[in-house]
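A short write-up of the structure that comes next.
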Amino acid sequence: MPTQPIDPTTTSAWQALTEHHAALTPDLRGWFAADAARAQRLSLPLADLHVDLSKNLVTDETLALLVQLAEQVGLTDRLQAMLRGEHINVTEDRAVLHTALRRPAGASPALVVDGQDVDGDVQAELAKVAAFADKVRSGEWTGVTGERVKTVVNIGIGGSDLGPVMAYEALKPYVLEGLEVRFVSNIDPTDLAQKVEGLDPTTTLFIVASKTFGTLETLTNARLARTWLWEQLAAAGAIADTDEARTAAVAQHFVAVSTALDKVAAFGIDPANAFGFWDWVGGRYSVDSAIGTSLAIAIGPDGFRDFLAGFHAVDEHVATTPFAQNVPVLMGLLNIWYVNFLGAHTHAVLPYAQSLHRFAAYLQQLTMESNGKSVRWDGTPVTTDTGEVFWGEPGTNGQHAFYQLIHQGTRLIPADFIAVANPAHPLKDGETDVHALFLANFFAQTKALAFGKTADEVRAEGTAEEIVPARVFSGNRPTTSILASSLTPSVLGQLIALYEHITFVQGVVWGIDSFDQWGVELGKKLAMEIAPAVEGDAAALDAQDPSTRALIAKYLELRG
Ligand code: F6P
């Protein structure tokens, strides 16, 4: 592995892109008019996804230069280094092997990293998760009164929450009837209180999901949940008021997912009821590890394997497809184009699928915890802007909220539109296929953003001259359209893996370690230092800066 990242701004491709950008006037109307094959040429398959890049602000030359940039910053080597298990997470001295989580059983050659039989370990843990999921689903696993599990409550935060909840919401049609999964993440006690409301403790199973098993929010919520369980079971007469009964209740109503099995045991969860993974799986890359146990229970082991197969199909595509047809590589490079050459600060992800309503929230951690960095992996400052803000909401809701700014604001906001052709609920409004009407909005929005509406077109509608400027749409607002047949577990895995690799590509170009997250540490540490002050400790309060001290004093006054 090289000891230094390659500075992208020193490459000849960067220089050429700078000159190309200076000479380029984006003109989607003109480009499509002059080139009948543009839509077809710039639409590419990615496993079961159809990805149309043609409404991006690029010419063939732009794409060719971006591909050169990828080559010149050593993307191929870096990708291979990741897949081989080299310690590309430099600041934590770790391999980055989430791609190993979805390698099929018996993949060849076997992956052995740092002396670990990675494939063997992954398959063994997957089998353990699958067997447990089967037991819960069949009713073989019961609570203390012998009742089968009806509600699974996943307690976790960040990567131990966002992936599972997003995937559960997306794959609701695949969830076993009679089973519900709820997700508790926030240390705001309202979250736990609301999520256990109405639950029968005898049919509730808690999964404490935490890579480190040291996260304040998760351990606090796990303790609150344990207390709730004991109190509720005792109130229902289901357990005696003894330590033995409480220990037995935890054994049957709590399992854990973690890389720190010693801490799981210290919490009182039998390590036999814990599912492991490894330090080479980043939290935000872990939904396809045992962190997805709640999902595996909900959709079943076969569905979960299908989910993993979707990821793997995209891994294969990335590893084997020339950059010029490599969808995640091209989408990562397009993001570089927008951030570093066209000055975009944000990127919208707009699913036209209500089931994907947590997808943007999931992507926020994936992309922003990965690439929100100011130093490169060798500790030197980055040489250009990094990490754009990812955000979004499902259409058409967003249309009635923030699309105004995307259409007519002064900011360039590249947007990914995602839809499936066959919804889980194909309802009709009289003769109207409502989902078709929904997707008409998808196509209308991407068309309006690309091609806009000229002043002459506005005038031709009879608009009063003084209102014409307000009704003009500039167009040339870039979008990528992603279509699939339906939102199966595999397709969801493909979508997630797509964005994982996009994130990786951007990180490689910028020369940053996309797999650490030191930026979350300072706030965590300060919260522990400040906690005594908010509990009323005068010395701790005095130790704060004037603003923080005044705020805490105000809080104490308001709390009364
Ligand atoms: O605070 C950020 C973070 O470390 C994320 O990277 C991680 O996904 C989350 O906290 C939860 O961590 P854990 O799974 O160890 O509880």
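The values are calculated or read from the model by the stated rules, or taken from the named source; none is laboratory data. Predicted, not measured: the structure shown is a model, and the values here were computed from it. Backbone-built Cβ (ideal geometry, glycine too); neighbour counts: all protein chains shown.
Yes/no matrix, rows are residues, columns are (1) polar (S, T, N, Q); (2) assigned to a loop (DSSP other than H, G, I, E, B); (3) under 17 Å from Ile157 (Cα atoms):
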residue	(1), (2), (3)
Ala234	no, no, no
Ala240	no, yes, no
Ala245	no, no, no
Ala249	no, no, no
Ala256	no, no, yes
Ala265	no, no, no
Ile269	no, yes, no
Ala272	no, no, no
Trp280	no, yes, no
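Mind checking which residues of region 127-144 are out of contact with any Leu (no Cβ under 8 Å at 6 or more places or on another chain) and either modelled with pLDDT under 95 or part of a helix (DSSP H, G or I) (or both)?
Residues satisfying the conditions are Ala127, Lys128, Val129, Ala130, Ala131, Phe132, Ala133, Asp134, Lys135, Ser138.
Would you confirm, using the coordinates I've provided, whether Leu171 is among the hydrophobic types (A, V, I, L, M, F, W, C), surrounded by 23 or more Cβ atoms within 10 Å (Cβ to Cβ), more than 14 Å from Ala256 (Cα to Cα) and within 12 Å of the ligand (Cβ to nearest atom)?
no
Can you pull out the residues in region 205-228 that are aliphatic (A, V, I, L, M) and within 14 Å of the ligand (Cβ to nearest atom)?
Ile207, Val208, Ala209, Leu216, Leu219, Ala222
Would you please name the residue that is nearest to Leu66 (Cα to Cα), looking only at residues in region 505-560 that are among the charged types (D, E, K, R) and within 16 Å of the ligand (Cβ to nearest atom)?
So the residue we want is Asp513.
Within region 100-119, identify whether any single residue is among the basic types (Lys, Arg), farther than 30 Å from Thr9 by Cα and not assigned by TED's automatic domain parsing to the domain that holds Phe417, and answer yes or no.
Yes, the conditions are met somewhere in region 100-119.
When you look at Ile502, is it touching a helix residue (DSSP H, G or I) at 6+ places or on another chain (Cβ under 7 Å), in contact (Cβ under 8 Å) with a residue 60 or more places away in the chain and surrounded by 11 or more Cβ atoms within 10 Å (Cβ to Cβ), yes or no?
So Ile502 fits the description; yes.
Quick one: which helices (runs of 4 or more DSSP H) lie wholly within region 414-532 and hold at least 3 residues that are of a type in the set (A, V, I, L, M) and either assigned by TED's automatic domain parsing to the domain that holds Asn56 or within 30 Å of Thr91 (Cβ to Cβ) (or both)?
Those helices (runs of 4 or more DSSP H) span 434-451, 455-460, 489-510.
Looking at (1) within 16 Å of the ligand (Cβ to nearest atom); (2) farther than 30 Å from Thr99 by Cβ; (3) crowded, with 23+ Cβ neighbours inside 10 Å, which one does Pro164 not meet, given that it meets all the others?
It fails just one condition, (2).
In this structure, does Thr202 turn out to be away from the ligand (no atom under 16 Å from the Cβ), crowded, with 23+ Cβ neighbours inside 10 Å and part of a helix (DSSP H, G or I)?
It is true that Thr202 is away from the ligand (no atom under 16 Å from the Cβ), crowded, with 23+ Cβ neighbours inside 10 Å and part of a helix (DSSP H, G or I).
Could you say which residue among Val122, Val153 is without any contact (Cβ under 8 Å) to a residue 40 or more places away in the chain, touching a Ser or Thr at 6+ places or on another chain (Cβ under 9 Å) and buried (at least 23 other Cβ atoms within 10 Å of the Cβ)?
Val122
Of all the residues that make up region 278-290, how many are crowded, with 22+ Cβ neighbours inside 10 Å and either hydroxyl-bearing (Ser, Thr, Tyr) or within 11 Å of the ligand (Cβ to nearest atom) (or both)?
Residues meeting the conditions: 8.
For every residue, the table says whether it meets (1) polar (S, T, N, Q); (2) in a loop (DSSP other than H, G, I, E, B); (3) in contact (Cβ under 8 Å) with a residue 12 or more places away in the chain; (4) within 24 Å of Gly282 (Cβ to Cβ).
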site: Gly332; (1), (2), (3), (4): no, no, yes, yes
site: Tyr338; (1), (2), (3), (4): no, no, yes, no
site: Val349; (1), (2), (3), (4): no, no, yes, yes
site: Ser355; (1), (2), (3), (4): yes, no, yes, no
site: Gln364; (1), (2), (3), (4): yes, no, yes, yes
site: Met368; (1), (2), (3), (4): no, no, yes, yes
site: Trp377; (1), (2), (3), (4): no, yes, yes, yes
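Tally time: how many residues in region 142-161 are more than 16 Å from the ligand (Cβ to nearest atom) and of a type in the set (A, V, I, L, M, F, W, C)?
Here the count works out to 3.
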